[in-house]
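Enquirer: The structure follows.
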Amino acid sequence: MRTKRLGNTDLELTVVGLGTWAIGGSWQYGWGPQDEDEAIAAILKAIDLGINWIDTAPIYGCGRSEELLGIALKKTKVRPIIATKCSLLWNEKKEKVSCLKADSIRKECEDSLKRLGIDTIDLYQMHWPEPDNEIELAWGEMARLQKQGKVRHIGVCNYNTGQLDRIRKIAPVASLQPVYNMNNRGIEKELLGCCAKNNIGVVAYSPMQRGLLTGKFSKKYLATLAPDDHRLKSGDFKEPQFSATLALVDKLRPIAERNKRTLAQLAICWVLRRPEVTSAIVGARKPSQIIETAPAADWILNKTDIAEIQKLLAERENKLA
């Protein structure tokens, strides 16, 4: 499986990484009921397929995603690169609470190490820059954790260029984790250029737009989602965006088919076409899902396919304008 160097670090990441948001189970932004045995099996299958890094966060299932990853790590002799996060806590209702206080950042790190059962976090990321006026304080604490060996490298998620500029004055930024997929391309305007200029790795999340670009969704399938699946509250899954995306997927299908690939692989490969992107984070709740998506790592879209997709994306935008 192809690998790329992550920004200014010594980490060589496979261009597809495993995301563990969905396996956390029930919480404010959960994905409905989760079979934990299947979740562990999905992690082990990803490692078996050659994926060498796994992204998680304490907030995913209010600690449960990290715990399941920790269980899986004990079942394999392979030690993948582990990326986790800080800045999001939760209350008794399993609702997220933002906090960037230094003592909280340090405690989150210690708690993550215990849940994961590891001595050092390879990539420690600030999950959200909220509240904005405290990002320097939190980044300074993350840099101290790095100097103390608790974490190897530090990065951020969901940052804008101005925020990156502010914290780069304190300590180098190893990576940015932004949302990026065919229907969410905002990072192309400034962020990708900023990251390339400053040697900041980009690990993109939601390349398949939470399943919408895989070809598995229809209005009938949408109705089968569990009541507590957070996607039911997302604008992407409401009209007119939902139907517009389904129409886009229908037009993308021939491109995938002539390449003898799946739509999910096409969506991932499209994200990886940008040289600034180090890796795409691909979620999986069961082994069959990662078996399908992992092969996208070794597929490079040709210029003709890229141009055709660009036209289809423009058509979708015009319909929604």
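The values are calculated or read from the model by the stated rules, or taken from the named source; none is laboratory data. The shown structure was predicted, so the numbers you read here are calculated from the model rather than taken from an experiment. Don't worry about glycine lacking a Cβ; one is built from the backbone with ideal geometry, like all the others, and counts go over all protein chains shown. Areas reflect the complete protein model, heavy atoms only, side chains present, ligands, DNA and RNA absent. Shrake-Rupley method; radii C 1.70, N 1.55, O 1.52, S 1.80 Å.
Enquirer: Over the chain, with a Gaussian network built from C-alpha contacts below 10 Å, which listed residue (ALA223, ALA280, ALA22) shows the highest mean-square fluctuation?
Expert: ALA223
Enquirer: What ³J(HN,Hα) values, in whole Hz, does the Karplus curve 6.51 cos²θ - 1.76 cosθ + 1.60 give for region 52-63 when θ = phi - 60°, with x put for Gly and Pro?
Expert: Once rounded to whole Hz, the list reads 10, 8, 10, 10, 9, 6, x, 5, 5, x, 6, x.
Enquirer: Between the alpha-carbon centers of region 185-202 and region 205-262, tell me the distance in whole angstrom.
Expert: 26
Enquirer: Explain nothing, just compute: Karplus ³J(HN,Hα) = 6.51 cos²θ - 1.76 cosθ + 1.60, θ = phi - 60°, for every residue of region 119-125 in order, whole Hz, x for Gly and Pro.
Expert: Listing the rounded values in order: 8, 9, 8, 5, 9, 10, 10 Hz.
Enquirer: Using per-residue counts of other Cβ atoms within 10 Å, averaged over each peptide, order 160-169, 259-268, 231-240 from highest down.
Expert: Working: 160-169: 15.4, 259-268: 20.8, 231-240: 13.4.
For the peptides 160-169, 259-268, 231-240, the packing ranking is 259-268, 160-169, 231-240.
Enquirer: Using Cα centres only, tell me the gap between region 81-151 and region 20-42 in whole Å.
Expert: Cα centres, region 81-151 to region 20-42: 21 Å.
Enquirer: May I pose another question? Where is the GNM fluctuation largest for the chain (alpha-carbon springs, 10 angstrom cutoff): ALA284, ALA39, ALA244?
Expert: Ranking ALA284, ALA39, ALA244 by mean-square fluctuation puts ALA244 first.
Enquirer: While we're here: Residue farthest toward the positive end of the dipole of the chain, with Cβ of Lys/Arg at +1 and Asp/Glu at -1: which of LEU272, ALA204, SER218?
Expert: Of the listed residues, the answer is LEU272.
Enquirer: Where the only charges are on Cβ atoms (+1 Lys, Arg; -1 Asp, Glu), what is the dipole of region 166-253 about its Cα centre, to the nearest 20 debye? Intermediate results must be reported in sequence, preceding the final value.
Expert: Working: 15 positive and 7 negative charges, 33 e Å.
Once rounded to the nearest 20, the dipole reads 160 debye.
Enquirer: Before anything else, pin down the relative contact order of region 204-321: Cα pairs under 8 Å, at least 6 apart, normalised by residue count, whole percent. Display every interim value, and only then the final one.
Expert: Numbers: 100 pairs, mean separation 40.0, N = 118.
With pairs under 8 Å counted, the relative contact order is 34 percent.
Enquirer: Between VAL202 and residues 5 or more places away or on another chain, which pairs have amide H atoms under 5 Å apart, with H built 1.01 Å from N, and which residues are they?
Expert: Counting only residues 5 or more places away or on other chains, the set is GLY7, LEU176, THR278, SER279.
Enquirer: What nm value, rounded to one decimal, do you get for the distance between ASP48 and LYS220 when each label is placed 7 Å out toward the C-beta?
Expert: Here the modelled spin labels are 3.2 nm apart.
Enquirer: Here is a follow-up. Please compute the modelled spin-label separation between THR120 and ARG273, points set 7 Å along Cα→Cβ, answer in nm with one decimal.
Expert: The modelled label-to-label distance comes out at 3.9 nm.
Enquirer: Sticking with this structure for a sec: Excluding ARG285 itself, what net charge comes from residues whose Cβ is under 11 Å from its Cβ, given Lys and Arg +1 and Asp and Glu -1?
Expert: Details: positive: LYS286; negative: ASP35, GLU36, GLU38.
Cβ neighbours under 11 Å give a net charge of -2.
Enquirer: Right, something else. Remind me, relative contact order of the chain in percent, using alpha carbon pairs under 8 angstrom and six or more residues apart? Present the calculation step by step, with values, prior to reporting the outcome.
Expert: Working: 608 pairs, mean separation 70.4, N = 321.
That works out to 22 percent.
Enquirer: Let me ask you something else. Please list, or write none, the aspartates and glutamates whose alpha carbon is within less than 13 Å of the alpha carbon of LYS169, excluding same-chain residues fewer than 8 places away.
Expert: Here the aspartates and glutamates satisfying the reach criterion relative to LYS169 are GLU136.
Enquirer: Check which residues have an amide H placed less than 5 Å from TRP90's amide H, if you skip close sequence neighbours.
Expert: VAL97
Enquirer: To continue, here is another question. Whole number in Å², please: accessible area per residue of region 50-97, 1.4 Å probe, ligands, DNA and RNA not counted.
Expert: Details: 1960 Å² over 48 residues.
On a per-residue basis, 41 Å².
Enquirer: Compare the peptides 175-182, 310-317, 91-98 by average per-residue count of other Cβ atoms within 10 angstrom and give them in order, highest first. Mind showing how you got there, number by number?
Expert: Working: 175-182: 23.2, 310-317: 13.6, 91-98: 11.4.
Ranking, from highest mean packing down: 175-182, 310-317, 91-98.
Enquirer: In addition: To the nearest 20 debye, what charge dipole does the chain have about its Cα centre, counting +1 at the Cβ of each Lys and Arg and -1 at the Cβ of each Asp and Glu? Walk me through the intermediate numbers first.
Expert: Values: 48 positive and 39 negative charges, 116 e Å.
In debye, rounded to 20, the chain gives about 560.
Enquirer: So how long is each side of the chain along the principal axes, counting just the alpha-carbon atoms, biggest first, in Å?
Expert: That gives 52, 43, 37 Å along the principal axes, largest extent first.
Enquirer: If the cut-off is a Cα-Cα distance under 18 Å, which aspartates and glutamates reach LYS219, setting aside same-chain residues fewer than 8 apart in sequence?
Expert: Correct list for LYS219: ASP228, ASP229, ASP236, GLU239, ASP250.
Enquirer: Longer than 23 Å from Cα to Cα, which of LYS4/LYS260; LYS45/LYS75; LYS150/LYS286; LYS4/LYS303; LYS94/LYS147; LYS147/LYS189 are they? Say none if no pair is. Could the numbers behind the result be given before it?
Expert: Working: LYS4/LYS260 25 Å; LYS45/LYS75 11 Å; LYS150/LYS286 31 Å; LYS4/LYS303 21 Å; LYS94/LYS147 32 Å; LYS147/LYS189 34 Å.
Over 23 Å Cα-Cα: LYS4/LYS260; LYS150/LYS286; LYS94/LYS147; LYS147/LYS189.
Enquirer: How much length is gained if the chain between GLN241 and ASP111 is pulled fully straight, taking 0.36 nm per residue apart and subtracting their Cα-Cα distance, in nm to one decimal? Mind showing how you got there, number by number?
Expert: Numbers: separation 130, 0.36 × 130 = 46.80 nm, distance 3.91 nm.
So the chain would gain 42.9 nm between GLN241 and ASP111.
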